[in-house]
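Read-outs: derived from the displayed coordinates by stated rules, not from any lab. These numbers were taken from a predicted model, which means no experiment stands behind them. As a convention, Cβ positions derive from the backbone with ideal geometry for all residues, glycine included, and neighbour counts pool all protein chains shown.
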Amino acid sequence: MRYYIVFISLFMLLLQSCSIDSEEAINVYSGRHYSSDEVLFKRFSDQTGIKVNLIKADSDQLINRLTVEGENSPADLFITADVSRLSQAANLGLLQAIPNEVVEDQVPSNLRDPDGMWVGLTKRARVIVYNKERVNKDELANYEDLTDFRWKSRILVRSSQSHYNQSLIASIISALGVDKSRDWVSGLVTNFSQEPKGNDRDQVKAIAAGIGDVALVNTYYLGLLLNSANSEEREVAEQVGIIFPNQGNRGTHVNVSGVGLTASSSNRENAVKLIKFLLRTDSQEYLSSENFEYPVNPDAKWPELLTNWGTFKEDSINLNSLNKFLPEAMMIANQAGWK
Ligand code: FE2
């Protein structure tokens with residue numbers, strides 16, 4: 001009898017592992033290179049038996065690859081940062097609609113494509129950081145204030161080639177129109193303390209080095225610096241404070257990293273399951289606690305650091321509507337000499 005039970009249990013185990021193996025794997029092309037994402041994919045596989053193959057590369061390279069592979073692409077999901085790249089993939093016909101019921105209760109409508117071609121995964125706020133000793137917080141409230149003469153040779157920001165800056169300028173065009181945005185960009189460039197170079201983290205380091213006093217950066221970079229294993233990076237980050245701009249009017253500009261279901265997906269059902277999983281509150285809380293990006297799911301709790309920075313009013317414009325201003329945004333930046 002005992003042998004019989006052992007035999008039945010072994011047989012059941014075998015059946016189970018067969019069903020795990022038979023679940024079709026999902027291929028994810030991702031421009032996000034965070035270990036947190038891999039941890040979540042592993043959790044998903046453990047819970048569902050669906051394997052996730054991750055292909056990491058530069059986002060623009062992945063868009064090219066999807067284009068070249070066309071309908072034969074093995075990719076099921078495309079993950080990238082910035083609404084401009086998500087929309088680019090959608091406009092190239094590389095994505096198909098995610099069923100509305102998957103996303104409508106999890107993600108506010110301004111953080112996803114109205115046609116369902118992509119949905120935000122994490123949210124980033126582009127803020128002003130300032131040296132706490134050299135700058136009085138009350139001197140700055142809006143992005144628009146950065147053109148004031150008092151900031152001459154004190155402002156740091158990365159290149160206008162950065163999608164983060166292009167989307168920020170697009171949001172300003174959307175709010176103020178082209179002419180005022182042109183004035184804003186040229187006023188900002190006039191106040192640069194050096195020619196733009198490096199990434200967001202480098203701007204914070206340049207403040208610490210005394211090269212400038214204020215910088216435009218995404219908050220999660222500051223979170224990563226504050227939690228760095230390198231004590232110099234932590235010290236650099238501790239010297240700056242955060243201002244969430246435009247609280248008395250349209251709100252701080254936010255952007256997303258997001259996910260789209262590829263047009264070529266041969267494994268749509270499982271791919272949608274993974275999107276659902278990534279938007280779940282526990283997954284969202286995990287991403288936020290590891291990378292210090294904001295969750296897109298409003299039910300997800302923020303980690304302590306973000307809670308300490310405080311809640312803020314966001315520019316609630318639908319991110320998709322920024323796209324039409326991007327060509328103008330790039331032109332304005334070029335004309336103003338924002339390298
Ligand atoms: Fe980034």
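What is segment 197-321's relative contact order, in percent, from Cα pairs under 8 angstrom and six or more apart in sequence?
Working: 113 pairs, mean separation 29.8, N = 125.
Relative contact order comes out at 24 percent.
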Angstrom value of the Kirkwood radius, inverse mean 1/r, which spans all Cα pairs in the chain: 21.4
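So if each residue of separation counts as 0.36 nm, and I subtract the Cα-Cα distance between residue 281 and residue 61, what length gain in nm does that give? Walk me through the numbers on the way to the answer.
Working: separation 220, 0.36 × 220 = 79.20 nm, distance 3.08 nm.
Using 0.36 nm per residue and subtracting the Cα-Cα distance, I get 76.1 nm.
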Kyte-Doolittle mean at least 0.0 and Cα axial length at least 27 Å: DSSP H helices in the chain: 2-22
Extension gain from residue 23 to residue 334, taking 0.36 nm per residue of separation minus the Cα-Cα distance: 107.0 nm
Whole-number percent relative contact order across segment 26-178, with pairs defined as alpha carbons under 8 Å at least 6 apart: 19
Rel. contact order, % - alpha carbon contacts under 8 angstrom, at least six apart, the chain: 27
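For segment 164-228, what does the alpha-carbon gyration tensor say about shape, rounded, prolate or oblate, given a ≥ b ≥ c as the root eigenvalues, a/c under 1.5 as rounded, and a/b over b/c as prolate? Display every interim value, and only then the final one.
Numbers: a/c = 3.22, a/b = 1.62, b/c = 1.98.
It is oblate, given that a/c is not under 1.5 and a/b is not larger than b/c.
Rank the residues 45, 159, 35, 181 as a footprinting-exposure proxy: fewest other Cβ atoms within 10 Å of their Cβ go first. Could you put the intermediate results ahead of the total?
Details: 45 17, 159 14, 35 9, 181 22.
Sorted ascending by nearby Cβ count, the order is 35, 159, 45, 181.
Count the net charge of all other residues whose Cβ sits under 13 Å from the Cβ of residue 335, scoring Lys and Arg as +1 and Asp and Glu as -1. Could you put the intermediate results ahead of the total?
Values: positive: 182, 339; negative: 179, 183, 328.
Once positives and negatives cancel, what remains is -1.
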Ellipticity estimate at 222 nm from DSSP helix runs (n ≥ 4, -39,500 (n - 2.57)) divided over the chain, nearest 500: -13500 deg cm²/dmol
Cα-projected label distance for residue 194 with residue 308, points at 7 Å along beta-carbon direction, nm: 2.8
Gain on full stretching of the segment that runs from residue 235 to residue 247 - 0.36 nm per residue minus C-alpha separation: 1.5 nm
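What FRET efficiency do you get for residue 47 and residue 69 if R0 is 30 Å and r is their Cβ-Cβ distance, rounded to the nearest 0.05?
Numbers: r = 29 Å, r/R0 = 0.98.
The formula returns an efficiency of 0.55 here.
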Radius of gyration and maximum dimension Dmax of segment 199-286, Cα, Å: 18.3, 54
